[in-house]
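The values are calculated or read from the model by the stated rules, or taken from the named source; none is laboratory data. The structure displayed is predicted, hence computed values, not measured ones. Ideal geometry is used to build each Cβ from the backbone, glycine not excepted, and the neighbour counts take in all protein chains shown. All accessible areas refer to the heavy atoms of the entire protein, side chains included, with ligands and DNA or RNA removed. Shrake-Rupley method; radii C 1.70, N 1.55, O 1.52, S 1.80 Å.
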Amino acid sequence: MDLGIKGKRALVCAASKGLGKGCAEALAAEGVDLVINARGEQALRDTASEIAARHGVQVEAVAADITSDAGRAKVLKVAGEIDILVTNAGGPPAGHWQDWSRDDFIKAIDANMLSAIALIQVAVPGMIERGWGRVVNITSQSVRSPIPVLGLSNTARAGLTGFVAGMSRDVARHGVNVNNLLPGIHATDRADGLDGGVAKAEGITIEEARARRQASIPTRAYGEASDFGAACAFLCSDQAKFIVGQNLLLDGGALNVTM
Ligand code: NAP
């Protein structure tokens with residue numbers, strides 16, 4: 001299926017590895033030129049070269065912290081006019097609801113809510129002027145089904161979800177579609193980190209922690225970043241023009257609800 005986005009230009013944030021990289025790679029496979037971002041310069045450059053070589057598209061790499069004003073300014077300057085924006089950043093640390101301070105909440109809200117909103121506020125007006133645009137925000141299954149130890153994530157991402165619910169409907173008439181992709185457990189470094197935390201807290205091996213979490217998913221396996229990326233590419237496709245303000249959950253059926 002031709003997604004109709006060959007030659008478009010995308011900014012994919014936090015994309016040197018994991019889910020962001022999966023999205024960047026899937027867009028590149030559709031012929032989309034990329035600006036990708038992460039903080040670590042070497043891994044980012046390696047990913048940019050790898051994607052450019054494999055898919056024959058232009059890939060520019062901007063090393064910066066996307067959660068800081070200066071970092072976003074640096075990335076947006078290189079990105080210029082973009083047709084597609086994929087927002088993403090690292091997730092907040094696990095912990096206990098009683099321990100989080102105001103500063104912890106502000107940090108999480110900055111990283112997983114306000115950064116995405118700031119990027120949207122800069123990128124979407126140009127998309128509206130040109131009459132076509134796509135925004136996909138990588139959020140989390142935690143907006144549908146809270147994860148108690150990830151309360152900072154539950155809180156910040158719920159805020160972004162509320163913002164998108166309203167603004168997506170405001171811009172849809174201009175050919176700009178804004179949606180959220182909600183990862184369940186995917187096999188990335190983030191999942192390894194969380195499994196490591198469980199293993200330490202419960203005195204079990206990381207393999208046991210992983211097996212336990214896999215058993216809680218109907219597919220009995222973690223998701224793959226490449227499949228996640230393919231869903232992102234579809235939400236960025238021309239054919240996704242009737243999908244507005246949705247929250248697509250990719251969790252192997254882990255959320256046990258009828259609808
Ligand atoms: P990952 O494998 O750890 O990759 C994170 C990527 O983001 C890396 O490229 C990292 O590179 C970059 N990054 C992190 N913080 C950044 C920042 N401040 N500015 C720019 N780049 C940054 O994580 P992932 O599994 O892909 O997760 C992506 C997002 O999905 C996270 O918010 C995570 O909480 C959420 N999520 C993941 C899962 C899962 O199971 N994997 C489930 C639910 C939600 P640098 O470190 O070099 O910056």
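Mind listing whichever residues of region 124-161 are small (Gly, Ala, Ser) and under 16 Å from the mean Cα position of the chain (by Cα)?
Once the filter is applied, which keeps residues that are small (Gly, Ala, Ser) and under 16 Å from the mean Cα position of the chain (by Cα), region 124-161 yields Ser140, Ser142, Ser153, Ala156, Ala158, Gly159.
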Problem set entry | Filter pass, Ile217 being within 13 Å of the ligand (Cβ to nearest atom), touching a residue at least 24 places away in the same chain (Cβ under 8 Å) and touching a Lys or Arg at 6+ places or on another chain (Cβ under 9 Å) | no
Exercise. Filter region 1-25 for residues that are under 15 Å from Val135 (Cα atoms) and assigned to a helix (DSSP H, G or I); which is nearest to the ligand (Cβ to nearest atom)?
Worked result: Gly20
For this session: State whether the residues of region 45-55 include one that is within 16 Å of the ligand (Cβ to nearest atom) and either in a strand (DSSP E or B) or touching a Phe, Trp or Tyr at 6+ places or on another chain (Cβ under 7 Å) (or both).
Result: no
Seminar exercise, completed: Among (1) more than 16 Å from the ligand (Cβ to nearest atom); (2) of a type in the set (D, E, K, R); (3) not in a helix (DSSP H, G or I), Asp103 falls short only on (3)
For this session: List the number of the failed condition for Asn177; all other conditions in (1) open to solvent by less than 10 Å² (accessible area, probe 1.4 Å); (2) farther than 29 Å from Ile204 by Cα; (3) in contact with an Asp or Glu (Cβ under 7 Å, 6 or more places away or on another chain) hold.
Result: (3)
Problem set entry | Residue ID - nearest to Ala15 (Cα to Cα), chosen from residues in region 131-153 that are open to solvent by 30 Å² or more (accessible area, probe 1.4 Å) and assigned to a helix (DSSP H, G or I) | Gln141
Problem set entry | Those residues of region 207-229 which are within 21 Å of Ala10 (Cβ to Cβ) and surrounded by 16 or more Cβ atoms within 10 Å (Cβ to Cβ), in sequence order | Ala225, Phe228, Gly229
Seminar exercise, completed: Reported set for region 60-70 where residues are free of Cβ contacts under 8 Å to residues at least 24 places away in the same chain and within 8 Å of the ligand (Cβ to nearest atom) is Ser68
Exercise. Among the residues of region 10-57, how many are over 20 Å from Val136 (Cβ atoms) and surrounded by fewer than 17 Cβ atoms within 10 Å (Cβ to Cβ)?
Worked result: 11
Exercise. Which residues, counting only those in region 119-130, are small (Gly, Ala, Ser) and either within 19 Å of Cys23 (Cβ to Cβ) or open to solvent by 50 Å² or more (accessible area, probe 1.4 Å) (or both)?
Worked result: Ala123
Exercise. How many residues are touching a strand residue (DSSP E or B) at 6+ places or on another chain (Cβ under 9 Å), in a loop (DSSP other than H, G, I, E, B) and free of Cβ contacts under 8 Å to residues at least 40 places away in the same chain when one looks only at region 26-44?
Worked result: 2
Seminar exercise, completed: Residue count, region 87-100, condition away from the ligand (no atom under 14 Å from the Cβ) and either within 13 Å of the chain's Cα centre (by Cα) or aromatic (Phe, Trp, Tyr) (or both), comes to 2
Problem set entry | Subset tally (residues that are open to solvent by 30 Å² or more (accessible area, probe 1.4 Å), over 18 Å from Lys8 (Cβ atoms) and part of a strand (DSSP E or B)) for region 58-75 | 1
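Residue-by-condition table, conditions (1) within 15 Å of the ligand (Cβ to nearest atom); (2) farther than 24 Å from Phe163 by Cα:
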| site | (1), (2) |
| --- | --- |
| Glu41 | yes, yes |
| Glu81 | no, no |
| Leu85 | yes, no |
| Ala123 | no, no |
